[in-house]
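Bear in mind these aren't lab numbers, they're just calculated from the coordinates by the rules spelled out. Remember, predicted model here, so these are calculated numbers, not experimental data. Note that we place each Cβ from the backbone using ideal geometry, even for glycine, and neighbour counts take in every protein chain shown.
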Amino acid sequence: MVLCVLTILFLVAVTFVMLCEMERRAARQFLNQVRAKLAAQSGIHFAMAQTRSLLTEKGFNLVNLVYHGEDLDGNGEVSDAHI
């Protein structure tokens, strides 16, 4: 009887540990996705700032130089939201 209870407790503990590890991996993957997206967006903004500064030094009018984010089809909504 005691051996059965210990076996069940052991199985529950192993299951709990496995679930915790899976959750940790999922959280790490989500964090990496968010970091990658923010790095890509900051790169876009950096490139825009560099372009804007180079073009304004040359006397170009940059009124229409606007980054529309993830609105790829121009309808005012995010086209592909993974995160």
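Please arrange Met22, Met48, Met1 by counting, for each residue, the other beta carbons lying within 10 Å of its beta carbon, fewest first. Please report the intermediate quantities before stating the final value.
Working: Met22 10, Met48 14, Met1 5.
Going from sparsest to densest Cβ surroundings: Met1, Met22, Met48.
For the range 15-26, putting each phi into the Karplus relation 6.51 cos²θ - 1.76 cosθ + 1.60 with θ = phi - 60° gives couplings of 4, 4, 5, 5, 5, 4, 5, 4, 5, 4, 5, 5 Hz, in residue order, rounded to whole numbers and with x for Gly and Pro.
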